[in-house]
Amino acid sequence: EPKDKEWYQRRVRVLVQPSHKPTSRTYCDFETLTEALEGVCKIYEEHLKELNPSSLSITYDISQLFDFIDDLSDMACLIFNRDQRTYEPKDKEWIKEKIYALLRKQAGK
C-alpha cells in the first residue's frame, strides 16, 4: 500500500494549547509516535530556553516536564488508525506514560 495516498498524511498529530486563549492553539505533525514524544520534549526545552536565554545548556528531570504538560491548558495526541482511516485521540496522561516509557528505554541504551 503506497504511503503517499491523500488520506495518509502523518501518523501522529500533537495538539497544544498553552493558555486558555483559543488563539494559543497549535499543532505539529510527526511520522512516528517516538518523533511526536521527542517533539513534546522539544516544546518544553524551547520553553526553558525562553525562560533562561543566557543558559548554554538546559537540563531538567521528568517531573518538571510532566508539571509543564499538566500546566498546559490542553495537550493531546491524535494517532492515525490506518484501518479505520481516522485519528484516535489520546490525553495528557497517555502522553506522559508514553514519554516515561520512551525515556526509560533511551536511558537503558
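Structure data summary
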quantity: Among (1) exposed (fewer than 11 other Cβ atoms within 10 Å of the Cβ); (2) modelled with pLDDT of 95 or more; (3) touching a helix residue (DSSP H, G or I) at 6+ places or on another chain (Cβ under 9 Å) - the single one Ser63 does not satisfy; calculated: (3)
quantity: Odd one out for Ile58, checked against (1) without any contact (Cβ under 8 Å) to a residue 40 or more places away in the chain; (2) open to solvent by 60 Å² or more (accessible area, probe 1.4 Å); (3) in a loop (DSSP other than H, G, I, E, B); calculated: (2)
quantity: Any hit, the stretch 36-43, residues being touching a residue at least 60 places away in the same chain (Cβ under 8 Å), of a type outside the set (Phe, Trp, Tyr) and exposed (fewer than 11 other Cβ atoms within 10 Å of the Cβ); calculated: no
quantity: Test for Ile58: is it among the hydrophobic types (A, V, I, L, M, F, W, C) and touching a Lys or Arg at 6+ places or on another chain (Cβ under 9 Å); calculated: yes
quantity: Filter result (β-branched (Val, Ile, Thr) and either touching a Leu at 6+ places or on another chain (Cβ under 7 Å) or exposed (fewer than 14 other Cβ atoms within 10 Å of the Cβ) (or both)) within the stretch 13-35; calculated: Val16, Thr23, Thr26, Thr32, Thr34
quantity: Residue match in the stretch 71-88 (condition: in a helix (DSSP H, G or I), open to solvent by less than 80 Å² (accessible area, probe 1.4 Å) and within 19 Å of Cys28 (Cα to Cα)); calculated: no
quantity: Count - residues of the stretch 76-109 that are modelled with pLDDT of 95 or more and among the basic types (Lys, Arg); calculated: 4
quantity: Test: residue in the stretch 28-41 that is in a helix (DSSP H, G or I), touching a strand residue (DSSP E or B) at 6+ places or on another chain (Cβ under 6 Å) and among the hydroxyl-bearing types (Ser, Thr, Tyr); calculated: no
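The values are calculated or read from the model by the stated rules, or taken from the named source; none is laboratory data. As the structure is a computational prediction, the values presented were derived from the model and not from experiment. Neighbour counts run over all protein chains shown; Cβ positions are idealised from the backbone, glycine included. In case anyone asks, the SASA skips ligands and DNA or RNA and just uses the protein heavy atoms, side chains included. Shrake-Rupley method; radii C 1.70, N 1.55, O 1.52, S 1.80 Å.
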